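Written below as structure tokens is the structure these notes are about.
The values are calculated or read from the model by the stated rules, or taken from the named source; none is laboratory data. This structure is a prediction, so every number in the text was calculated from the model and none was measured. Positions of Cβ are generated from backbone atoms using ideal geometry, with glycine treated the same way; all protein chains shown enter the neighbour counts. Just so you know, the surface numbers come from the protein's heavy atoms only, side chains and all, with ligands and any DNA or RNA stripped out. Shrake-Rupley method; radii C 1.70, N 1.55, O 1.52, S 1.80 Å.
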Amino acid sequence: MNYGLKTFPSSRMRRLRMKSFLRNLVSENSISANDLIWPVFLVEGNNEHQKIKSMPNVYRFSIDRLVKELEQLVEYGLQAIALFPQVDSALKDEGGTNAYDPNNLICRAIQTIKTYYPELGVIADIALDPYTTHGHDGIMIEDEIVNDKTLSVLKQQALVFSEAGCDILAPSDMMDGRVGIIRQALDENRMKNTVIMSYAAKYASSFYGPFRDAVKSEQLTGVNDKMTYQMNYMNGDEAMHEIALDIGEGADMIIIKPGMPYLDIILRAKQEFKVPTFAYQVSGEYSMILSASNRIDNLDIILESIISFKRAGADGIITYFTPSLLEYLK
Ligand code: PBG
């Protein structure tokens, strides 16, 4: 491209950086409350707010406590939350059966939140890992996470969550064919308007470490544990293939996960598919940023990291920094 660019000294890039109003006028990206989704950990009990060792300032809330925490954030413009349960170990089993109990922690949370905040978007993960004793996202038979048997369980989980009033289902399990099965089940059960936001490109990542502490699946520790279903981080084209399949099966929006180490994937996904695309700034990224700033909630690096997602093309960001960002943006 040649725009007949003038060169120095008539051209001076710094000219537009000299005053705040000029920098503001030519700024290409920004964030607002409309871009943010807050991931929240839930636990049974009353007025609980349990610290999570590996994630400073992040808590596991009981449902009643979450309702209180949300009041201020909703006032600041919070649009949506994504729910993750820490399931009582007594309720975990090999098959993850609590995942589709219509009375489980997530279903009760969805119902309660919808009663207090009917306008707030509620997103729930579809996957079995918080509910299984082995901590895997699917049914395990002799060391294999079996795809097709898992699908029928995920389908039940999706129906039960949607029935409870969940607006958006987010399959994060990476089984093949799950989006299609869930879409069909929703449509057949008069839930055609339940949205599917699929974790279309989810990598086998060590950045999920603190999350597994939060939901108490610490038996899984590294990147290798979920390699037979999550993506190999050596690959980029494969992410495009995954996304194409999920859109074909009925995904309304897609997630790229983790976030910052995968900005190239966000950029490519948005350029190729032009569907609503979200970055998940995961637990390990959160903890890493906080420890880099000596555990001080350093808003400058947080903002810089969040804007990098917007610049890459993301429509929104799922981030544990949402409460601090909303307070800053208000
Ligand atoms: C479960 C799930 C995980 C995360 C979101 N959903 C963990 C995993 O796949 O092991 C990670 C989120 C985070 O690290 O913040 N399917």
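Looking only at region 247-269, residues that are out of contact with any helix residue (DSSP H, G or I) (no Cβ under 7 Å at 6 or more places or on another chain) and within 11 Å of the ligand (Cβ to nearest atom) come to 2 in all. Could you go through region 159-166 and let me know if any residue there is closer than 23 Å to Ile37 by Cα, of a type outside the set (Lys, Arg), within 12 Å of the ligand (Cβ to nearest atom) and at pLDDT 95 or above. No; the residues of region 159-166 include none that is closer than 23 Å to Ile37 by Cα, of a type outside the set (Lys, Arg), within 12 Å of the ligand (Cβ to nearest atom) and at pLDDT 95 or above.
Ala127 meets all of the listed conditions (1) surrounded by 17 or more Cβ atoms within 10 Å (Cβ to Cβ); (2) more than 11 Å from the ligand (Cβ to nearest atom) but one, namely (2). Scanning region 63-76 for residues being out of contact with any Leu (no Cβ under 6 Å at 6 or more places or on another chain) and open to solvent by less than 20 Å² (accessible area, probe 1.4 Å) gives a total of 3. Restricting region 273-295 to residues that are open to solvent by 10 Å² or more (accessible area, probe 1.4 Å) and of a type in the set (D, E, K, R) leaves a set whose member that is farthest from the ligand (Cβ to nearest atom) is Lys274. The residues in region 228-246 that are free of Cβ contacts under 8 Å to residues at least 24 places away in the same chain and either within 13 Å of the ligand (Cβ to nearest atom) or open to solvent by less than 20 Å² (accessible area, probe 1.4 Å) (or both) can be counted, and the count is 0.
Across region 153-170, what is the total count of residues that are assigned to a loop (DSSP other than H, G, I, E, B) and surrounded by 24 or more Cβ atoms within 10 Å (Cβ to Cβ)? I'd like the intermediate steps shown before the answer.
Of all residues in region 153-170, those assigned to a loop (DSSP other than H, G, I, E, B) come to 165-167.
Filter again for surrounded by 24 or more Cβ atoms within 10 Å (Cβ to Cβ), leaving 166.
So the answer is 1.
Can you tell me which of Gln72, Gln79 is on the phi < 0 side of the Ramachandran plot, free of Cβ contacts under 8 Å to residues at least 24 places away in the same chain and in contact with a helix residue (DSSP H, G or I) (Cβ under 9 Å, 6 or more places away or on another chain)?
On the way: Gln79 fails: free of Cβ contacts under 8 Å to residues at least 24 places away in the same chain.
None of the other options fit; the residue is Gln72.
If you go through region 315-322 one residue at a time, do you hit one that is at positive phi and in contact with a helix residue (DSSP H, G or I) (Cβ under 7 Å, 6 or more places away or on another chain)? I'd like the intermediate steps shown before the answer.
Applying the first criterion (at positive phi) to region 315-322 yields none.
No: zero hits.
In region 202-219, the residue that is least open to solvent (accessible area, probe 1.4 Å) out of those that are of a type in the set (Phe, Trp, Tyr) and within 9 Å of the ligand (Cβ to nearest atom) is Tyr208. For first residues located in region 82-94 and of a type in the set (Val, Ile, Thr), partners that are open to solvent by 80 Å² or more (accessible area, probe 1.4 Å) and lie 6+ apart or on another chain with Cβ distances below 9 Å form the pairs Val87/Lys216. Yes or no: Asp225 open to solvent by 40 Å² or more (accessible area, probe 1.4 Å) and not small (Gly, Ala, Ser)? Yes: the conditions hold for Asp225. Quick check on my filter: what residues within region 171-201 are open to solvent by 30 Å² or more (accessible area, probe 1.4 Å) and under 15 Å from the mean Cα position of the chain (by Cα)? Once the filter is applied, which keeps residues that are open to solvent by 30 Å² or more (accessible area, probe 1.4 Å) and under 15 Å from the mean Cα position of the chain (by Cα), region 171-201 yields only Val195.
Cβ-Cβ distances below 6 Å connect the following pairs, each with a first residue in region 123-142 that is farther than 27 Å from Gly165 by Cβ, a second residue that is within 8 Å of the ligand (Cβ to nearest atom) and of a type in the set (Ser, Thr, Tyr), and a separation of six or more residues or different chains: Gly135/Ser217. Here the strands (runs of 3 or more DSSP E) wholly within region 105-152 that include at least 2 residues being more than 25 Å from Tyr280 (Cβ to Cβ) are 144-146.
When residues in region 33-53 are screened for being open to solvent by 40 Å² or more (accessible area, probe 1.4 Å), within 25 Å of Ser291 (Cα to Cα) and at pLDDT 95 or above, 3 of them pass.
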